[in-house]
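Q: Quick one: this structure, given as structure tokens, is what I'll be asking you about.
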Amino acid sequence: TKSETNVIEAQDKLDKATEEYLTDVENYRNETAGKIAANNKNIEEFKARIEDEKKEARADYKKKIEQLEQKNSDIKMKLDNYKAESKEDWEKFKVEFNHDMEELGNAFKDLTVKNTK
């Protein structure tokens with residue numbers, strides 16, 4: 001019957017939308033994992049560069065680096081712990097998460113710019 005066909009078509013559309021959403025979640029996780037790994041690498045390189053700084057400056061940089069490491073770790077945990085529940089929640093999560101990633105990136109840039117002056 002026509003109504004059964006409509007139900008099947010609606011279910012197919014829902015299945016496709018769900019699959020696309022889950023693929024988006026997975027792709028985003030992979031992309032962000034790369035950014036988090038790059039942050040870790042940058043932090044390690046920065047640690048090596050500040051070894052030549054004066055003791056007082058080095059202590060200040062180390063404290064700031066520890067804060068960046070903690071933020072990076074927190075962001076990773078937030079993403080790892082995210083449970084895909086709905087596309088709407090996912091879109092909201094991505095906006096907030098992108099904001100957090102941008103803030104972390106800016107904090108890291110500020111720190112490295114100060115060090116190179």
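The values are calculated or read from the model by the stated rules, or taken from the named source; none is laboratory data. As the structure is a computational prediction, the values presented were derived from the model and not from experiment. Backbone-built Cβ (ideal geometry, glycine too); neighbour counts: all protein chains shown. Keep in mind that these areas ignore ligands, DNA and RNA; they rest on the heavy atoms of the full protein, side chains included. Shrake-Rupley method; radii C 1.70, N 1.55, O 1.52, S 1.80 Å.
Q: Loop only by DSSP, 13 or fewer other Cβ within 10 Å of the Cβ. Give me the trypsin sites (Lys or Arg not before Pro) in the range 8-66 that pass, ordered by residue number.
A: Lys54
Q: Moving to a separate point now. Quick check: at a probe of 1.4 Å, how many percent of the accessible area of the chain sits on carbon and sulfur atoms?
A: Within the chain, the accessible surface is 52 percent carbon and sulfur.
Q: Mind telling me which of Leu14, Leu22, Leu104 comes out most flexible in a GNM of the chain, alpha-carbon contacts under 10 Å?
A: Highest fluctuation of the listed residues: Leu14.
Q: Of Leu79, Asn27, Leu111, which is farthest towards the positive pole of the chain's charge dipole, taken about the Cα centre with +1 and -1 on the beta-carbons of Lys, Arg and Asp, Glu respectively?
A: Toward the positive end, the furthest listed residue is Leu111.
Q: In addition: Send over the semi-axes of the chain's equivalent ellipsoid, whole angstrom and largest first, taken as the square roots of 5 times the C-alpha gyration tensor eigenvalues.
A: Ellipsoid half-lengths, sorted descending, are 45, 11, 10 Å.
Q: Please compute the volume of the convex hull spanned by the alpha-carbon atoms of the range 1-46 and report it per residue in Å³.
A: Details: hull volume 1.2 nm³, N = 46.
Per residue, the Cα convex hull of the range 1-46 comes to 26 Å³.
Q: So if we plug the beta-carbon distance of Glu69 and Thr23 into 1/(1 + (r/R0)^6) with R0 = 30 Å, what FRET efficiency do we get, rounded to 0.05?
A: Working: r = 31 Å, r/R0 = 1.03.
E between Glu69 and Thr23, to the nearest 0.05, is 0.45.
Q: Next question. Give me the extension gain from Val113 to Ala37: residue separation times 0.36 nm, minus the current Cα-Cα distance, reported in nm with one decimal.
A: Working it through step by step, the gained length comes to 25.3 nm.
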